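Everything below concerns the one structure shown next.
Values in this text are rule-based calculations from the coordinates and carry no lab data. Just so you know, these numbers come straight off a predicted model, no measurement behind them. Every residue, glycine as well, gets a Cβ built from its backbone with ideal geometry; the counts of neighbours run over all protein chains shown.
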Amino acid sequence: MDMVACHPKSIPVISRGPCVARLRGVSHTYGKPPHLLEVLREINLDIHSRQLTMIKGHSGSGKTTLLSILGLLLRPTRGAVEICDRVMSERSESDLTACRRGHVSFIFQGFNLLSSLTAAENVRVGLAMQGVAGRDAELGALELLERVGLSDREHHRPRQLSCGQQQRVAIARALASPAPLLLADEPTANLDERNALQVSELLRELAHVDSRAVIVVTHDPRMTAYADRIVEIENGTITADGMEERT
């Protein structure tokens, strides 16, 4: 059964959970002297479970670099990164890969689905990375597709799905990992109003119901109503950090 889009009339206050990710004095510079570009400057940020944190800013503000550092895809030039109380800054590449696999899931703007695979097979790729195979993987993929409202699309390939359906398959694949930190890069940018609201609702549910720390980097104003916390970044620094008031 397909999900029904709706505007959030009331989002209850959810007490935040434990800190999942912590940045202290994080800065990042691209290039080499004399052509240096500092894109992040002394970022201090705590990310908690049971919160959907929206990071917004103009293009070039540093938000994508910040997401890459939180996802352990990029080492900061300076500063400390902790994921689940483990300091990442001095770890080897193999340690970072193992930590990323166990603690971080990603949802991308471009979906990153394998075009030759069905929706269920794409989800099973995520399960395989967690060591799940055979009948358990088949059943697990179906359960995850049902969770995102696509139980009737298991045999469809990406080209047979709408953009919104493809994004929900990508979310189901991300859910194959029990990772406490879920990072989404512009997850609604390519979606129409109905699908954007469906995806936003689902991401909020992953924070509130699954107790994950969900971080959404976006400039899409439609996400604002679903966020528990909004962090604004400009010229590489955090200029605002506030909780949404809920009634």
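Positive contributions from Lys and Arg (+1) and negative ones from Asp and Glu (-1), summed over other residues with Cβ under 12 Å from the Cβ of residue 213, come out at +2.
The ranking of 105, 151 from fewest to most other beta carbons within 10 Å of each one's beta carbon is 151, 105. Looking at 30, 236, 118, which one has the Cα that reaches farthest to the positive end of the dipole of the chain (charges on Cβ: Lys, Arg +1; Asp, Glu -1)? Checked the options; the winner is 30.
Restricting to the chain, what percent of DSSP beta bridges are antiparallel, rounded to 5?
On the way: 23 of 41 bridges.
Bridges in the chain that DSSP calls antiparallel: roughly 55 percent.
Projected label points at residue 157 and residue 201, each 7 Å from Cα along the beta carbon direction, are separated by 3.1 nanometres. Each Lys and Arg adds +1 at its Cβ and each Asp and Glu adds -1 at its Cβ; summed about the Cα centre, the stretch 19-156 shows a dipole of about 540 debye.
Between 134, 79, 149, the Gaussian network model of the chain with springs among Cα atoms under 10 angstrom shows the greatest mean-square fluctuation at 134. Relative contact order of the stretch 140-247: 20 percent, from C-alpha pairs under 8 Å at least 6 residues apart in sequence. Take the Cβ atoms of residue 74 and residue 241, set R0 to 25 Å, and the FRET efficiency comes out at 0.70.
Dipole magnitude for the stretch 186-234: about 140 debye, using +1 per Lys or Arg Cβ and -1 per Asp or Glu Cβ, origin at the Cα centre.
Over all directions, average the projected area of the Cα convex hull of the chain and note it in nm².
Numbers: hull surface 54.9 nm².
For the Cα atoms of the chain, the hull's average projected area reads 13.7 nm².
Residue exposure proxy: 84, 19, ordered by other Cβ atoms within 10 angstrom of their Cβ from fewest to most, comes out as 19, 84. What would the Debye equation give as log₁₀ I(q)/I(0) for the stretch 55-191 at q = 0.10, 0.15, 0.16, 0.20 Å⁻¹, counting only Cα atoms as equal point scatterers? With no solvent term, the Cα-only Debye profile gives -0.37, -0.78, -0.87, -1.15. Selection among 171, 133, 225 by position relative to the dipole of the chain gives 133 as farthest towards the positive end (Cβ unit charges, Cα centre).
Between residue 222 and residue 194, full extension at 0.36 nm per residue minus the direct alpha carbon distance yields a gain of 9.0 nm. Maximal additional length on extending the residue 130-residue 35 stretch stands at 30.0 nm, based on 0.36 nm per residue less the C-alpha distance. If you run the Gaussian network model on the chain, springs between alpha carbon atoms under 10 Å, then out of 187, 158, 34 the most flexible one is 34. Farthest towards the positive end of the charge dipole of the chain, among the residues 198, 83, 211, is the Cα of 83, using unit charges on the Cβ of Lys, Arg, Asp and Glu.
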